[in-house]
Amino acid sequence: MLYDMYEMQRSMLAGAGAMADLGASMLTSPGNPFAHTGGGSVMASALAVFAHAAASRGKPAFGLDSTLVDGRAVAVREEIVARRAFGQLKHFVRDGIDHGPKLLIVAPMSGHYATLLRGTVERMLPVADVYITDWRDAKMVPVSDGRFDLDDYIDYLVEFLSVIGEAGDGERAHMLAVCQPSVPCYAAAALMSADAHPWRPKTLTMMGGPVDTRQAPTAVNTLATKRPFAWFEQNVIATVPANYPGAGRRVYPGFLQLAGFLSMNLGNHMNSHWDMFKHLVAGDGESADATKAFYDEYRSVCDMTAEFYLQTIDLVFQTHALPNGTMTHRGRPVDPGAIVDIGLLAIEGERDDISGIGQTRAALSLATNLPDVKKRYLMAQGAGHYGIFNGTRWRDTIAPVVEDWMAANG
């Protein structure tokens, strides 16, 4: 019922948004005398903001067609090197470039597409052979393709690392986890280390990850712990309606995740749209377009399988399985002590309101048998959660540390 109601609302808003967009176009047409008045500009701008907010959004494109390597422009193309039901391994191939460390960027499965890390990929392309986990929207996966939970997530990571290692010169990859995947990436590293797996990562960089959410709890942590587990099962899980390939699948809808993120900083989001309106009225299309581009990405959301979402609530936020030493993978204990030769880099943002200070750093102390020389911690001054992996601080301050860490453990 929840999903059906949302679909009805979305359809109604889409129609209203289309009408608003048409109205804005008419009010800005040079042939319309009203377009040359102040009132026409104000009305057109208001309609344009509404039309943008109401528009339906699908999966964005990365749009990374080129990069600079050693000061030379190089064409970039996307190639799918492994395809599975709930995600694929995407390779950003740099034409004519066969050097640089292999880097697997693990995108979060937390309601947004992997394109949220466009800036992360773009910054690393000049220095690394970049791959990324491109997770699928659960509502697009038929029920016949089975389940997807935290165990499956870890299996995918092990498989993807193996695919990268077996390709080309057989070099082991580095792994970079942004936010949520820090826990399954850490578990995969521990399991592969215990097995002396030939394709275990050389390094694991964890950025703003909820390794131990007991440290400096944020509003996200509080939301996940103040209610019993049964509440999440009963109130935030919905069934995919019949108009999608995944009809009948139980999911945590992306629109609920987006609503939660928006409500955390509602004032800031309202101010951003007010600023967009003022830019449009003033004829500053460039500034307005920058805001639109951000929200085009931010509001492009996808669903998670119910089993994956509920396991994450239980193991990561409520029982703290990894730091408590109770986490298992298909019944097998996950032992951080097995990590003995993987360089661990923990990065936290000073102003991160999603993963509090200390939650990611905890990963370093859990690896009790890893020499200190293989551990590093970075506190990104002034960076919020998004700023850890996108924007100026990421490009100029954080990424160079990641580069140096990969080189030191290459």
Can you pull the percent of region 179-258's accessible area that's carbon plus sulfur, 1.4 Å probe, other chains left in place? 55
Express the carbon and sulfur contribution to the solvent-accessible surface of region 93-155 as a percent, rounded to the nearest whole number, probe 1.4 angstrom. 49
May I ask for the net charge around SER365, where only other residues with Cβ less than 15 Å from the Cβ of SER365 are counted and Lys, Arg are +1 while Asp, Glu are -1? +1
Multiply the residue separation of ASP65 and LEU223 by 0.36 nm, subtract the distance between their alpha-carbon atoms, and state the gained length in nm to one decimal. 52.9 nm
Hey, can you rank 379-389, 100-110, 393-403 by average C-beta count inside 10 Å, highest first? 100-110, 379-389, 393-403
Note down the nm distance, to one decimal, between modelled labels 7 Å out along Cα→Cβ at ARG77 and at SER365. 5.0
Which order do ASP341, ASP195, ASP98 take by accessible area at a 1.4 Å probe, largest first? ASP98, ASP195, ASP341
Among the listed pairs LYS90/LYS374; LYS102/LYS202; LYS202/LYS375, give every one whose C-alpha distance is greater than 21 Å. LYS90/LYS374
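The values are calculated or read from the model by the stated rules, or taken from the named source; none is laboratory data. Predicted, not measured: the structure shown is a model, and the values here were computed from it. As a convention, Cβ positions derive from the backbone with ideal geometry for all residues, glycine included, and neighbour counts pool all protein chains shown. To get the accessible areas, we keep the full protein, side chains included, count just its heavy atoms, and leave off ligands, DNA and RNA. Shrake-Rupley method; radii C 1.70, N 1.55, O 1.52, S 1.80 Å.
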